[in-house]
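None of the figures in this text is laboratory data; all of them are computed from the coordinates on show. No experiment lies behind these values; they were computed from the predicted model shown. Note: ideal-geometry Cβ built from the backbone for every residue, glycine included; neighbour counts use all protein chains shown.
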Amino acid sequence: MKIAILSRKKSLYSTRRLVEAGSDRGHEVKVIDTLRCYMSTTSFRPEIHLNGEALTDFEAVIPRIGASITFYGTAVLRQFEMMGVYPLNESVAISRSRDKLRSVQLLSRKGIGLPITGFAHSPDDIRDLIKMVGGAPLVIKLLEGTQGIGVVLAETQKAAESVIEAFMGLKANILVQEYIREAGGADIRCFVIGDRVVAAMKRQAQAGEFRSNLHRGGSASLVKITPEERSTAVRAAKVMGLNVSGVDILRSNHGPVVMEVNSSPGLEGIETATGKDVAAMVIEFIERNARPHHTRTRGKG
C-alpha cells in the first residue's frame, strides 16, 4: 500500500514512528510537507502537486496537521479525499474537533460528560458568566490556544473578573470552565482507534502547576481505566467522527468528564508510558479499512 503522511517534519517522533511502522509492514510511506502542497480544483480532475510533480497513486493518507495550519491542512486533506484517497481522519472531523465551541456543543448534545462550560466574546455581565459555571475557582481558556497555552486558573472571583476583562480587551473568544479540583492536576489520555481504547496514560501536572500537558512539564504513567471511562472516550471520538484520536478525561466526583478530543494525538508519551506499539496499531487500522472513496463526506463538508 502507498501511504502519505501529511506532516511538517520527518524528524518528529510521531511521524517517524508511523513511517517505521508502515515500512515494517511492507508499505511505501512518504512524508509530505502540508504547506508545500499546491492544488488544482479543475472539475472532475482534482490534483495535488509538490515540487513540480503530481501526487498520485496514494491509497491512504495520515493527517498530522498542527493546530496552527488547520485551515490549509484540512484543505489539502480534502483534496486527497476528492481524489478518492482514504483518510485516517477526515477533514470535516478534524475541523470539528479543532473548534472548541462546536466540539463541546456536539458532545453536550450527545450526553457526554463535560465540565460546566460557558462561552463568551464580550459579555455584558462578567459576574453572571462566572456564576453560570459555579463561581471561582474556574479555568479560563482562549479558544485558539493549544498544548496548555492560553489557559489560566483563576482562584478567586476578582482574579477571574480581571482575566476575563483582559481577554475581552484583546477581542478574544474565551471559554470559561468549572475547575475540577478533585482531579488533583491530573488527567487521563485515552488513545482511541476505531471503536476501542488501545492505550491509556495518566498525565500529572508538576508541582505548582494545574496543566498536565507533557509540553508543560507534566509526567506520564500507565493507568488502568474504568469501563465508564473507556465508554466515554470511545463515544466522544465517535461524536467527533474521528477514527484515531486522543481523548482527554478528568476524574470528577460525578464521573468522567471530557476536556478535549485531539485529532492528531502524539505517540511519544503514550508509547513510552504504556510500552505499546501504537504506531503499528494505526497502520493495522488503515490496512483493514482503506479503500477508494471510503469517506462519509467525500471531501464535501
Problem set entry | Anchor Lys171: lysines whose Cα lies under 18 Å away (excluding residues fewer than 8 positions away in-chain) | Lys100, Lys141
For this session: Report, ordered by chain and residue number, the aspartates and glutamates lying within cross-link reach of Lys131, taken as a straight Cα distance under 14 Å and ignoring same-chain residues fewer than 8 apart.
Result: Glu155, Glu161, Glu178
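What does the charge dipole of the chain about its Cα centre add up to, to the nearest 20 debye, if the Cβ of each Lys and Arg holds +1 and the Cβ of each Asp and Glu holds -1?
On the way: 41 positive and 32 negative charges, 72 e Å.
Rounded to the nearest 20 debye, it is 340 debye.
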Exercise. What are the trypsin sites (Lys or Arg not before Pro) within segment 1-62 that DSSP puts in a loop, where the Cβ has at most 13 other Cβ atoms within 10 Å?
Worked result: Lys9, Lys10
For this session: Would you list, by chain and number, the lysines whose Cα falls below 26 Å from the Cα of Lys2, excluding same-chain residues fewer than 8 positions away?
Result: Lys10, Lys30, Lys276, Lys300
Seminar exercise, completed: Placing each pseudo-label 7 Å from Cα in the direction of the beta carbon, Lys158 and Ile116 end up separated by a distance in nanometres of 2.3
For this session: For an R0 of 41 angstrom, estimate the FRET efficiency from the Cβ-Cβ distance between Asp57 and Gln105 and round to the nearest 0.05.
Result: 0.55
Exercise. Of all DSSP beta bridges in segment 2-95, what percent run antiparallel (nearest 5)?
Worked result: 30
Problem set entry | Label point distance in nm, Asp128-Glu20, each placed 7 Å from Cα along Cα→Cβ | 5.6
For this session: Using θ = phi - 60° and the Karplus relation 6.51 cos²θ - 1.76 cosθ + 1.60, list the HN-Hα couplings for segment 267-275 in order, rounded to whole Hz, with x at every Gly or Pro.
Result: 9, 4, x, 5, 6, 5, 6, 9, x
